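Down below is the structure, laid out as structure tokens.
Here, each number is a calculation from the coordinates, and none is a lab measurement. This one's a predicted model, so the numbers in the text were calculated from it and none came from an experiment. Cβ coordinates were reconstructed from backbone atoms using ideal geometry, including for glycine residues, and neighbour counts include every protein chain displayed.
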Amino acid sequence: MKFLLTCITIFFSTSVLAFTLTSQPPSKFSKNEIVINVAANNCAQSVTSGELLNLVEKAADQMWNRVSTCALGLTRGAVVTQDVTSDTIEEALPKVPLGTILVGCSDEVTGSTLGLGYNDGADRGIVLIHDFASSFANLNESEKVATIAHELGHAFGLGHSSDPVSLMYYAVGGTIREKLTLDDFDGCTFLYPHDSPGSCSSVSFITDENKPSGGVGFFGIFAVGLIAAVSMGSFLNKKRR
Amino acid sequence: MLRIFSILCCLMISLNSHSMVTVGGYVPFGLSTQKDEAGGKNTFSFKPMIAINTVMPIPAINHVFLPEFGIVAHGTQTDEYKKTTMFFLLDVGYLLTEKLLLRYGLGTFLTKISGDGAIVTLPNGTTTRGFYRPNEGETSWNTTLDLGIEFAFDANNAIRFETYLFSWLKSARKLSYSLSYTYYL
């Protein structure tokens, strides 16, 4: 018995679910297809707007667009005229068109923070890169991609994760982050799930919130009836033989 | 989910065909997800699964129809989150040799994730702030392309390796797979 339990313990692994949301109810986009634009102001210390747009596209395609269970689709936009050089999150948000995420460099992000991402629940998200953080300029390309992907996670509604391997963990130092973890998959899946193939606006699933109180309901009666019918058919067939 | 599973279980057994019970491990997106800080993958991170299935011969095309319904228990480390995967496979099988069966078909996977809605305080830059765990359940539906191979030791026992291709029409296509033991009732 001990051997069997040991084998089961070695063979099977548990899941780490640690993702969080930035707000309750979740701040998320109303549609699954989101365009990401880049602000026109160049990042003085690190990359040009064009290079930033390429990094954003890589962050979207290599990370969030690869979650099969998540319906989110981040698409490359363009370099737009907005300038967020001296903006805080609150100042930059009104400049973001609805249904989009705006990425730009700002010298108002301070301290050792590499970037900030935020979704205000009004169908828009913002990512501000810390232009004067020498650490962002010194990152290699995959680290820059991971940093932008992390902030994009905030911009579409995810909070930090307590799983140190997760892309949404608050710190990225000394860790290889070339792929998402299952925890990141779960967070994206929770916010943007694929609808059922036959979903219909007038029909919804029974959840704990809308479950009728008492009784077994239509589904229960149907299932019991079906089992009874199949069992009766099987019984009659045997009798006939 | 458990209610649907038990009802389908009763149904399949009462069909009085060659019913089977399968137990094993399922690896969701093992080659595409990171497991540790060194970049290691979840290749062998098996989650326990149980399934019931049945065999219906299709003599006209020399195949067998292998509908299957199963549940994967993700065994989360804490009670704050719950995650369950349910799947329904519509595979057909072709006997390659006397003991080797090739399986292929379509599947539907349901991934349900829920949380307790509590506020968690986590580091945020140089300070901390409150973030929120989900307070309701969300279910994501996926259609998969399935391909697998089953080796029968004898009339009652078989071992199976099967792959499930998610989002096969998109660039986000990802592979999950399972290794399982099947007992023919």
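Dividing the alpha-carbon Rg of the range B:62-121 by 2.2 N^0.38 Å yields what? Mind dumping the intermediate values first?
Numbers: Rg = 17.9 Å, N = 60, 2.2 N^0.38 = 10.4 Å.
Dividing the Cα radius of gyration by 2.2 N^0.38 Å gives 1.72.
Need one number for the range B:90-185: average projected area of the convex hull over its C-alpha atoms, nm².
On the way: hull surface 40.2 nm².
Projected area, direction-averaged: 10.1 nm².
If each residue's Cβ is checked for other Cβ atoms within 10 Å, how do A:SER27, A:SER49, A:SER68, A:SER142 rank with the fewest at the top?
Numbers: A:SER27 24, A:SER49 19, A:SER68 27, A:SER142 13.
The order, fewest Cβ neighbours first, is A:SER142, A:SER49, A:SER27, A:SER68.
Using +1 at the Cβ of each Lys and Arg and -1 at the Cβ of each Asp and Glu in the range B:129-183, identify which of B:ALA158, B:SER171, B:GLY148 lies farthest towards the dipole's positive end.
After comparing all options, I get B:SER171.
Based on the alpha-carbon gyration tensor of the range A:17-191, what equivalent-ellipsoid semi-axes (square roots of 5 times the eigenvalues) come out, in whole Å, largest first? Walk me through the numbers before you get to the answer.
Values: eigenvalues 96, 69, 42 Å².
Taking √(5λ) for each Cα gyration eigenvalue gives 22, 19, 15 Å.
With Cβ to Cβ distances under 10 Å as the rule, what net charge do the other residues near A:GLY125 carry (K, R +1; D, E -1)? Provide the component values of the computation, followed by the final result.
Values: positive: A:LYS28, A:ARG124; negative: A:ASP120, A:ASP123, A:GLU151.
For residues surrounding A:GLY125, the net value is -1.
Can you tally the net charge around B:PRO28? Count Lys and Arg as +1, Asp and Glu as -1, for every other residue whose Cβ sits under 11 Å from the Cβ of B:PRO28. Intermediate results must be reported in sequence, preceding the final value.
On the way: positive: B:LYS47, B:LYS83, B:LYS174; negative: A:ASP186.
Around B:PRO28, the charge tally is +2.
Please report the net charge: other residues with Cβ closer than 11 Å to the Cβ of B:TYR181, K and R +1, D and E -1.
Overall, the nearby charge balance is 0.
Hey, fewest Cβ within 10 Å first, where do B:LEU31, A:LEU116 land in order?
Values: B:LEU31 13, A:LEU116 21.
The order, fewest Cβ neighbours first, is B:LEU31, A:LEU116.
Fewest Cβ neighbours within 10 Å first, please rank A:THR75, A:THR113 accordingly. The partial results should precede the final answer.
Values: A:THR75 13, A:THR113 17.
By the 10 Å Cβ count, ascending, the order reads A:THR75, A:THR113.
Please list, in chain and number order, the residues 5+ apart from A:THR75 or on another chain whose amide H is under 5 Å from its amide H, with Hs placed from the backbone.
Excluding prolines and chain starts, which carry no amide H, the hits are A:ILE34, A:VAL35, A:ILE36.
Which one, B:PHE46, B:PHE153, B:PHE131, has the greatest fluctuation when you compute a Gaussian network model over chain B with C-alpha springs under 10 angstrom?
B:PHE131
Cα convex hull of chain B: mean projected area in nm², to one decimal?
13.4 nm²
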